[in-house]
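See below for the structure under consideration.
Since every read-out is calculated from the coordinates, none of them should be taken as a lab result. None of these values were measured; they are calculated from a predicted model. A quick note on method: Cβ atoms are made from the backbone with ideal geometry, for glycine too, and the neighbour counts reach across all protein chains shown.
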Amino acid sequence: MSDDKIVVDGKYIVLKDRYYTDTDEWVKIDGEMATVGITDYAQKKLRDIVGVELPEVGREVKMGDPVAVVESVKAAADIYSPVSGTITEVNEDLSSSPELINKDPYGKGWIFKVKISNPEEKDKLLNADKYVEKIKEKEAK
Amino acid sequence: MFKSPLSSVEEKLNANFGEFAGWEMPMSYTSYMDEHMAVRSEAAFFDISHMGRLRIKGSIEELNKLIAKDLKSSQAGFMIGPTAFLNDKGGFIDDVMVYKISDNDWLIVTNAINREKDMKWITSNSSLEVQDLTFDYVMIAIQGRRVWDYLKQKPDLKPLQFVLNTSFLGEEVFLLSRSGWTGEDGLEVWAKPEIGERIVTKLVNLGLKPAGLICRDSIRQEMGFVLYGEDIDEKINPIEARYWVFSLNKDFIGKEAIIEALKNGVNKIRVGFKFTKGDRTLPRSSMPVMILDKPIGYITSSTFSPYLNRVIAMGYIETKYAYFGYSVEVNVRGKKVEGKIQDFPFIK
């Protein structure tokens, strides 16, 4: 196993270079920009993703606001913004190829980018180790 | 929860497992869309070992009373169906496939969810002997537009014909039939679990794609096939479902109710809905279907068809609105999704 990732239960990948939420979003922070997607655990639970409703660019969002919807054959899941700020970009590729979230949840399957308005919120996010614990808790249920 | 006897070989093929009707089964391998397209243009195989499989022995008269289609006009070595066990109100106890081995020896494939219910129903309504073969054999469906090219052979079987104790890909199998549930040509095989594992390996080596139950669901929806528990149940009759599983030239439980429904008409009827191309918002089961904001029915199944590149669904609407081509809407999380009433199948 490489040092930059953790594999939970032999199947769920968690990357160490980013933060996580209780609701299974990941957020990668680069200066004042945050890139958001859903975790490998989330995409595996949702299974085959067939559609994504993307937020509008320019929308102001608060931490925890539902901003996108991921549709799988199984269910529709709200995606919550892990940080407050302004949506600056959305992943248009997902409109025609939503399965990118299944294929590459931490890369090409990113969903939206936010310009962070409150950097202190970062303290409320989970680091990789804490998120691994969270997955284990969810799986134990 | 039951587990497919093929799960260890499927794990090696990277199956994602999930629960269906009390069974842990492969839901998908790569993505259901790739698997779906493989069925429609190449060839794939499904583990359907969750399907209930019963061997019924006893008089044809007794079985013919329980089954809505006429078994007397059937030929040994052929399947009859889909047909159904109906209750006295004409509602579906189950929809099944019947295999005639001889006049007093039959096989019945049931929905996984109804296996035990069917067994109880048969024994409480007849003196037929019921043997459950479900756990003795795995069942594999091999389906696809180019299935014979991939298998490099075409067995000498007519559609819905089957043979017992035969050889398939060099393996001894209990049953081989020319049947499926996909709208494509293909075979279904029943074999002992260890033989089933070897067949799976051989199919993979021949280039057939393993496909999961999500793909099976999207494939059957394109054909307009119903799934028990989703689109039909004990409160739905075959007329409402537009599911022609009965023959009126003989007696069977539920026949009077069927005749009533035919004579008087039914208030609701099953139709298909196709939604705007490229729109990927899925109306979900039980969501109301509306015409100009007036509710006229509800959704029972939906999926995104990768073949048609659009969302398709089925459901029941009031019979008086059942005109193909009518525009309808479904309110999905506050968003109005527009579609059209469409007949089955969705694909040709």
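Do any GluC sites (Glu not before Pro) in the stretch A:34-141 lie in a DSSP loop with no more than 12 other beta carbon atoms within 10 Å, and if so, which?
A:Glu56, A:Glu92
Towards the positive end of the charge dipole of the protein assembly as shown, with charges on Cβ (+1 Lys, Arg; -1 Asp, Glu), say which of B:Gly186, B:Gly229, A:Ala77 has the farthest Cα.
Positive-most Cα among the choices belongs to B:Gly186.
Find how much the distance from B:Asp136 to B:Trp244 grows on full extension, using 0.36 nm per residue of separation minus their present alpha carbon separation; answer in nm with one decimal.
Length gained between B:Asp136 and B:Trp244: 35.8 nm.
Quick check: from the Cα gyration tensor, does the stretch B:267-348 come out rounded (a/c under 1.5), prolate or oblate?
It is oblate, given that a/c is not under 1.5 and a/b is not larger than b/c.
Looking at chain B as a GNM with Cα springs under 10 Å, which of B:Val332, B:Val245, B:Val130 has the largest mean-square fluctuation?
B:Val332
Let me know the charge dipole size of chain B about its Cα centre in debye, to the nearest 20, where only the beta-carbon of Lys, Arg (+1) and Asp, Glu (-1) is charged.
1040 debye
What area, in nm² and to one decimal, does the C-alpha convex hull of chain B cast on average over all directions?
Hull-based average projected area comes out at 17.0 nm².
Calculate the spin-label point distance for B:Leu13 paired with B:Thr201, positioning each point 7 Å from the Cα along the beta-carbon direction, and give it in nanometres.
Going from the B:Thr201 label point to the B:Leu13 one covers 1.4 nm.
Within 10 Å, at most 11 other Cβ atoms, and a DSSP state outside H, G, I, E, B define an exposed site. Report the longest part of chain B free of exposed chymotrypsin sites (Phe, Trp or Tyr not before Pro).
B:136-322
Any idea what the dipole of the stretch A:5-132 comes to, in debye rounded to 20, about its Cα centre with Lys/Arg Cβ at +1 and Asp/Glu Cβ at -1?
Using only the charged Cβ atoms, the result is roughly 400 debye.
Based on Cβ point charges of +1 for Lys and Arg and -1 for Asp and Glu, what charge dipole magnitude is obtained for the stretch B:230-348 about its Cα centre, in debye rounded to the nearest 20?
480 debye
Once phi is turned into θ = phi - 60°, what whole-Hz ³J(HN,Hα) does the Karplus curve with 6.51, -1.76 and 1.60 give for every residue of the stretch B:56-62, x standing for Gly and Pro?
10, 10, x, 6, 4, 4, 5
DSSP loop trypsin sites (Lys or Arg not before Pro) in the stretch B:254-339 with at most 10 other Cβ atoms within 10 Å of their Cβ, which ones?
In loop regions of the stretch B:254-339 (DSSP not H, G, I, E or B), the sparsely surrounded trypsin sites (Lys or Arg not before Pro) are B:Lys277.
How high is the FRET efficiency between B:Gln75 and A:Lys5 when r is their beta carbon distance and R₀ equals 51 Å, given to the nearest 0.05?
It comes out at approximately 0.30.
In Å³ and rounded to a whole number, note down the convex hull volume per residue for the Cα atoms of the stretch B:53-132.
77 Å³
Provide a whole-number value for the mean count of partner chain Cβ atoms within 10 Å of the Cβ atoms in peptide B:25-38.
Rounded to a whole number, the mean comes out at 3.
Mind scanning A:Lys113/B:Lys336; B:Lys57/B:Lys154; B:Lys294/B:Lys336; A:Lys11/A:Lys103; A:Lys108/A:Lys138; A:Lys62/A:Lys138 and naming the pairs with a C-alpha gap bigger than 22 Å?
In this structure, A:Lys113/B:Lys336; B:Lys57/B:Lys154; A:Lys108/A:Lys138; A:Lys62/A:Lys138 lie more than 22 Å apart at Cα.
If I model a spin label as a point 7 Å beyond the Cα along the Cα-Cβ vector, how far apart are those points for B:Lys117 and B:Lys294 in nm?
Going by the 7 Å Cα→Cβ label model, 3.4 nm.
So what does the Cα-only Debye profile of the protein assembly as shown read at q = 0.07, 0.10 Å⁻¹, as log10 I(q)/I(0), no solvent term?
-0.43, -0.84
Any idea which of B:Cys215, B:Met97, B:Val138 is furthest toward the positive side of the dipole for chain B, if Lys and Arg beta-carbons carry +1 and Asp and Glu beta-carbons -1?
Going by the Cα projections, it comes out as B:Cys215.
Which net charge results for the neighbourhood of B:Met79, defined as the other residues with beta-carbon distances under 10 angstrom from its beta-carbon, given Lys and Arg at +1 and Asp and Glu at -1?
Cβ neighbours under 10 Å give a net charge of +1.
Take the Cα pairs of the stretch B:5-77, get the Kirkwood Rh, then feed it into Stokes-Einstein at 25 °C and 0.890 mPa s and tell me D in µm²/s.
For these conditions, the coefficient is 157 µm²/s.
So how far, in whole Å, is the C-alpha centre of the stretch B:240-297 from the one of the stretch B:319-348?
The stretch B:240-297 and the stretch B:319-348 have Cα centres spaced 13 Å from each other.
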